[in-house]
Amino acid sequence: MKQKSELFAFENKYPFLYDILVGGVPIYTSFRDGVMQLLQDGQKAVSSVQAQRKDGVSIKRVINGFFKKRKFRKKQTLIFTSTVYRRDNGRNLAAEYLLDHYPDGVVFEWPSRNAAYDNGYFTDVNKDKYCPLDYFSVRLKLYSIFHKKEYARLCEECRQTIVPQFAKTPTETENEQKAVAYLLEHFPDAYATTVIYQKLFGKFFKRYKNVQYAIDFWGGARENIIPVLRNNPQSIELQHGIITNHHVGYVYPAFVKNIDLAFFKRKILVYGDKTKRILCEQSIFDAENVEVIGNPRTQTYKKVFGVKAEERDLILFASQPYEQDGVGQNYYSLMIKRLKKVQEIMAADERWKRYRLAIKLHPREDNGAIELYRKELDGVEIYDNTSQLYELLLRSFVQLTVSSTSLYEAAEFGAPTISFRYNGVLAKDIYEFDVWEVLNEQDLQDFTKKLLDEKEYEQYVQYLTDKTKNNM
């Protein structure tokens with residue numbers, strides 16, 4: 001893949017980026033997405049969605065977290081996540097899986113500033129095993145107000161390190177120059193912030209002396225918390241999205257293998273053998289540090305809620321936050337164009353009359369996208385970022401999406417997936433098997449025609465189910 005090769009070439013040219021550490025954490029790893037995009041496109045993606053204002057701080061969660069952090073001092077397993085993963089009736093099922101499989105565990109949970117997710121804590125049947133981190137967020141905000149000089153000093157300390165290093169090797173292209181400028185502007189801030197986070201978390205967990213396992217599930221722990229925990233607990237990370245052979249969070253150039261850091265030796269729990277092969281054969285992770293466990297969320301969902309037969313009357317588009325994550329341009333305009341074509345196909349054939357086009361926003365996608373979709377697409381049903389994906393998949397005749405793990409999840413709930421090509425990435429490169437992939441309008445015509453053929457439909461569902469079993 002061109003983007004990956006350009007990124008690796010940049011990193012081989014400036015290997016010192018991996019040597020700038022805070023508590024053993026290479027700060028540069030959080031910038032790889034932005035660097036790769038600048039090298040490829042010469043600019044960062046700008047979202048066309050008007051972001052909505054986030055909900056306020058929950059004082060009740062702040063108070064709960066303050067008292068609970070003392071209560072959990074003797075726990076052996078600390079799990080770090082976010083309320084954005086309360087995706088199934090207010091529960092974080094992946095966290096529940098971890099609580100079941102590791103001893104004496106507790107979950108520390110960042111707020112998402114989405115009241116529907118944050119307030120799920122108060123009705124959770126496992127509430128006694130959760131500690132909100134809202135208290136720490138408030139403490140960090142106050143610290144940043146009263147310690148601005150410390151922050152400025154740390155930024156300058158970092159700047160004095162990286163400026164001379166970049167000066168040793170001149171840039172060769174305009175895009176490379178933009179990537180370097182991006183790092184010079186933002187790297188010092190990340191360095192200072194990580195130093196302060198680790199300092200405050202070191203105090204926060206100072207009396208936690210029995211920790212054996214520290215598990216990061218999109219909770220910022222691998223950079224900010226695990227490095228400062230006492231007794232050097234085993235660092236574990238749970239896969240929380242699709243991992244491809246060009247994923248900047250996990251696929252590194254070969255020279256990184258020789259960097260002796262615990263950060264690159266953490267244990268990673270993955271969904272399937274495909275992901276393990278990527279991490280071990282196309283990246284730098286050792287096989288003994290990658291464990292296949294399946295998808296803990298789907299496993300726990302089926303155990304807790306079961307699978308009820310529903311009438312499949314939705315054509316469900318699972319939207320993605322590419323623009324908001326800054327990793328893709330023109331996502332919404334392209335997807336809206338595709339969905340308008342879907343509507344045309346449905347309107348032209350009576351056999352589609354019983355189905356309804358629906359859009360489900362990703363949990364991290366801003367609800368401001370609702371207005372954009374409604375403006376461009378007449379009569380479409382839209383489910384916001386707190387809607388229940390699995391309940392919708394059980395009602396879906398087909399799922400439409402772009403390069404998402406929801407293909408596997410849809411197969412587990414009996415729905416096939418059609419993938420839209422985006423950013424030049426082949427679906428086969430993502431999944432390692434052929435899927436119905438739309439490159440143009442004719443593809444969409446052909447695949448929707450196949451969906452209406454009962455035999456073709458059932459064969460494709462079974463094919464995806466079998467592939468999911470092999471990969472998950």
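In segment 260-296, what residues are open to solvent by 10 Å² or more (accessible area, probe 1.4 Å) and part of a strand (DSSP E or B)?
LYS267, GLU291, VAL292 - these are the residues of segment 260-296 that are open to solvent by 10 Å² or more (accessible area, probe 1.4 Å) and part of a strand (DSSP E or B).
What do you reckon, is ALA369 farther than 24 Å from LEU452 by Cβ and of a type in the set (Gly, Ala, Ser)? Steps first, answer last, please.
On the way: farther than 24 Å from LEU452 by Cβ: yes; of a type in the set (Gly, Ala, Ser): yes.
It is true that ALA369 is farther than 24 Å from LEU452 by Cβ and of a type in the set (Gly, Ala, Ser).
When you go through LYS303, LYS341, LYS308, LYS257 one by one, which is the residue that is charged (D, E, K, R), assigned to a helix (DSSP H, G or I) and closer than 29 Å to ASP88 by Cα?
On the way: LYS341 fails: closer than 29 Å to ASP88 by Cα; LYS308 fails: assigned to a helix (DSSP H, G or I); LYS257 fails: closer than 29 Å to ASP88 by Cα.
Only one candidate qualifies: LYS303.
Can you give me the ranges of the strands (runs of 3 or more DSSP E) entirely in segment 62-155 with at least 2 residues that are closer than 19 Å to ILE196 by Cβ?
Values: elements: 77-82, 105-110, 130-132.
Answer list for segment 62-155: 105-110.
Return yes when ARG207 is open to solvent by 80 Å² or more (accessible area, probe 1.4 Å), more than 20 Å from VAL22 (Cβ to Cβ) and touching a helix residue (DSSP H, G or I) at 6+ places or on another chain (Cβ under 9 Å) and no when it is not. Spell out the reasoning first.
On the way: open to solvent by 80 Å² or more (accessible area, probe 1.4 Å): yes; more than 20 Å from VAL22 (Cβ to Cβ): yes; touching a helix residue (DSSP H, G or I) at 6+ places or on another chain (Cβ under 9 Å): yes.
For ARG207, the condition - open to solvent by 80 Å² or more (accessible area, probe 1.4 Å), more than 20 Å from VAL22 (Cβ to Cβ) and touching a helix residue (DSSP H, G or I) at 6+ places or on another chain (Cβ under 9 Å) - is met.
Got a sec? Which of GLY23, GLY34 is at positive phi and buried (at least 18 other Cβ atoms within 10 Å of the Cβ)?
Working: GLY34 fails: at positive phi.
So the residue among GLY23, GLY34 that is at positive phi and buried (at least 18 other Cβ atoms within 10 Å of the Cβ) is GLY23.
Say we look at segment 40-61 and pick out the residues that are in contact with a Lys or Arg (Cβ under 8 Å, 6 or more places away or on another chain) and closer than 15 Å to GLU176 by Cβ; which of these is surrounded by the fewest Cβ atoms within 10 Å (Cβ to Cβ)? Before the answer, list the steps.
Step one: of segment 40-61, the residues in contact with a Lys or Arg (Cβ under 8 Å, 6 or more places away or on another chain) are 40, 42-43, 54-57.
This time we only want the ones that are closer than 15 Å to GLU176 by Cβ, so: 40, 42-43.
Details: GLN40: 17, GLY42: 14, GLN43: 11.
Among residues in segment 40-61 that are in contact with a Lys or Arg (Cβ under 8 Å, 6 or more places away or on another chain) and closer than 15 Å to GLU176 by Cβ, the one surrounded by the fewest Cβ atoms within 10 Å (Cβ to Cβ) is GLN43.
Specify which of the listed residues (GLU344, GLU323, GLU409) is under 21 Å from VAL438 (Cα atoms), surrounded by fewer than 22 Cβ atoms within 10 Å (Cβ to Cβ), under 20 Å from the mean Cα position of the chain (by Cα) and not small (Gly, Ala, Ser).
The unique qualifying residue is GLU323.
So PRO170 clears everything in (1) more than 25 Å from ASP134 (Cα to Cα); (2) open to solvent by less than 20 Å² (accessible area, probe 1.4 Å); (3) modelled with pLDDT under 95 except one condition, right? Which one?
Condition not satisfied by PRO170: (2).
Looking at (1) assigned to a helix (DSSP H, G or I); (2) open to solvent by 40 Å² or more (accessible area, probe 1.4 Å); (3) over 24 Å from ILE284 (Cα atoms), which one does ARG222 not meet, given that it meets all the others?
It fails just one condition, (3).
Please work out which residue is surrounded by the most Cβ atoms within 10 Å (Cβ to Cβ), limiting yourself to segment 427-451 and to residues that are among the hydrophobic types (A, V, I, L, M, F, W, C) and touching a Phe, Trp or Tyr at 6+ places or on another chain (Cβ under 8 Å). Steps first, answer last, please.
Step one: list which residues in segment 427-451 are among the hydrophobic types (A, V, I, L, M, F, W, C), which gives 427, 430, 433, 435-436, 438-439, 444, 447, 451.
Restricting the remaining residues to those that are touching a Phe, Trp or Tyr at 6+ places or on another chain (Cβ under 8 Å) gives 436, 438, 447, 451.
Working: TRP436: 21, VAL438: 23, PHE447: 20, LEU451: 19.
Ranking the qualifying residues of segment 427-451, first place goes to VAL438.
The values are calculated or read from the model by the stated rules, or taken from the named source; none is laboratory data. Given the structure is predicted, the values throughout are model-derived calculations rather than measurements. Counting neighbours? That spans all protein chains shown, and the Cβs are built from the backbone with ideal geometry, glycine included. Calculation scope for accessible area: heavy atoms of the full protein, side chains included, ligands and nucleic acids excluded. Shrake-Rupley method; radii C 1.70, N 1.55, O 1.52, S 1.80 Å.
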